[in-house]
Amino acid sequence: MAYELIASEIDKNKTRFIERLREAVEIPSVSAEAAYRNEVFRMTDWTQANMEKLGIKCRQIENGIEDRPDGSKLRLPPILFGHLGEDKSKKTLLVYGHLDVQPADIHDGWNTEPFKLIEIDGKLFGRGSSDDKGPVIAWLNAIETMQALNIEIPVNIKFVFEGMEESGSTGLDEILEQHKEEFLADVDWTCISDNYWLGKEKPCLTYGLRGLCYYAVEISAPKQDLHSGVYGGTIYEPMNDLVWILSRLTDLKGNILVDGINELVAPLTEDELKLYDQIEFDVEAYKQDVGVKTLTVDDKKKVLMNRWRYPTLSIHGIEGAFHGPGAKTVIPAKVVGKLSIRIVPNMEPEQTDALVVAFLNKLWKERGSPNKFRAIPFHSGRPWVADFNHPHYQAGARALEKVYGVKPDFTREGGSIPVTLTFQNLTGKSVMLLPIGACDDMAHSQNEKINVFNYIEGTKALAAYLLELAHI
Ligand SMILES: C[C@H](N)C(=O)N[C@@H](Cc1c[nH]cn1)C(=O)O
Ligand SMILES: [Zn+2]
Ligand SMILES: [Zn+2]
């Protein structure tokens, strides 16, 4: 009965909840770019103000100074802690989310302004709509609805919201470690809504994430960019060196060629292989969503395993390279290649960094260029795998079945949320990912969106989950 009342109240407030997401999307809280750093602070304040309206006691924990790869320093956004309810007879849920977003520019190919929420055909387009402002606000909507109906929330809730997740969660682990005995001491479960369904119709609960090791390869020589007609043929060109190096890291199918990496991967067991049988996943729809005809592997299990349980290496960009339209005939003086490896059990970031840096140095020696070369590890985060037979997951599954009328799949996720393992280690309790967005939300990409359906039903799902926690 309580759930039905909540669901109908959420439907009544749909427009207001969309307006709340609109306000958040209009704050361009890009953590990676220095020019936007103040916006992450503004987003943190905005979230705190909205939480305080619900009676959530908030405090901002200072996170110190970031040493930027270019040698500059920048103040880190504070971590936002919140606390709702202090009833000793109740258990305590910890909710985590992030308030920062990936960079976005209309010129990258967006059909609409990325920092405006635009509704088209039941889809809410805007950077952060799905990753992760929509889910963060869905928690607040769910709590507000229960309060408005005087329906008791059966647990105390603690919140950790950060503004650096898209840039490696700098400083968060240390702050959580410092607050382990105080803020985290009584946490019974952690729930994170910051990933996506495997398809478009069926909900899922997620018990695994890949980790991430991010690198820069810096090559430089002349004191400034040069005319290729005037100087070409006499200069060892940094960009040519870089492209040669980057081309040696993977083969056509994406297999990683870095010495020793593949040997670190946990072997596949028969039991694990069987898990993939039960999962609903349409390879053809997946191809269509990303707009390709051919994948590196075509079989459902292999596609999922390549996304979830094997490492992958991606090259993200080259700083200093000419990338505009037209034909500029320049020799770039300094280029920085950006790449990352998604890491999986049993890979440790320290081991991975050592192997990658050694391999890049080996390639550089082989290249024999006299230019200046640096291989720089940036941030890293560990992979995480949890026990989905835990009663916490059963409570999540009951909640999702109530809302969507179907039992969820248990999935892993190829993306990374660095703090997940930290929560599991520091609290010693179950951590679960409960995504609300669909597989085609295009997080990190052009035209990110969340469907109105997913946002509103997702709000119901989080409320239903809060109710189910009473029965663990
Ligand atoms: C899955 C989550 N919503 C996400 O997008 N995480 C990022 C984390 C990250 C780490 N360094 C930069 N971003 C991701 O998986 O890329
Ligand atoms: Zn993200
Ligand atoms: Zn995210």
Of the numbered conditions (1) farther than 21 Å from Pro311 by Cβ; (2) outside any loop (DSSP other than H, G, I, E, B); (3) in contact (Cβ under 8 Å) with a residue 24 or more places away in the chain, Pro377 satisfies every one except a single condition; which is it?
(1)
Got a sec? Which strands (runs of 3 or more DSSP E) wholly within the range 184-296 have at least 2 residues that are closer than 30 Å to Lys402 by Cβ and at pLDDT 95 or above?
189-192, 204-209
Could you say whether any residue in the range 179-192 is more than 29 Å from Pro391 (Cβ to Cβ), within 16 Å of ligand 3 (Cβ to nearest atom) and in the same structural domain as Val30 (by TED's automatic domain parsing)?
no
Looking at the range 321-353, which of the residues that are over 25 Å from Arg382 (Cα atoms) and free of Cβ contacts under 8 Å to residues at least 60 places away in the same chain is surrounded by the most Cβ atoms within 10 Å (Cβ to Cβ)?
Phe322
Applying the selection to the range 41-75, what residues are among the polar types (S, T, N, Q) and surrounded by 12 or more Cβ atoms within 10 Å (Cβ to Cβ)?
Thr44, Thr47, Gln48, Asn50, Gln60, Asn63
Residues of the range 18-38 being part of a loop (DSSP other than H, G, I, E, B) and either free of Cβ contacts under 8 Å to residues at least 40 places away in the same chain or closer than 27 Å to Asn451 by Cβ (or both), which ones?
Glu26, Ile27, Pro28, Ser29, Ser31, Ala32
When residues of the range 205-232 are filtered for being within 16 Å of ligand 3 (Cβ to nearest atom), within 30 Å of Ala464 (Cβ to Cβ) and surrounded by 21 or more Cβ atoms within 10 Å (Cβ to Cβ), how many remain?
3
Among the residues of the range 445-453, is there at least one that is within 16 Å of ligand 1 (Cβ to nearest atom) and out of contact with any Pro (no Cβ under 9 Å at 6 or more places or on another chain)?
yes
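Yes/no per residue for (1) touching a strand residue (DSSP E or B) at 6+ places or on another chain (Cβ under 6 Å); (2) exposed (fewer than 13 other Cβ atoms within 10 Å of the Cβ); (3) of a type in the set (Phe, Trp, Tyr):
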residue: Ala266; (1), (2), (3): no, no, no
residue: Leu273; (1), (2), (3): no, yes, no
residue: Ile279; (1), (2), (3): yes, no, no
residue: Asp289; (1), (2), (3): no, no, no
residue: Val292; (1), (2), (3): no, yes, no
residue: Val297; (1), (2), (3): no, no, no
residue: Val303; (1), (2), (3): no, no, no
residue: Pro311; (1), (2), (3): yes, no, no
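The values are calculated or read from the model by the stated rules, or taken from the named source; none is laboratory data. Given the structure is predicted, the values throughout are model-derived calculations rather than measurements. Positions of Cβ are backbone-derived with ideal geometry, glycine not excepted, and every protein chain shown enters the neighbour counts.
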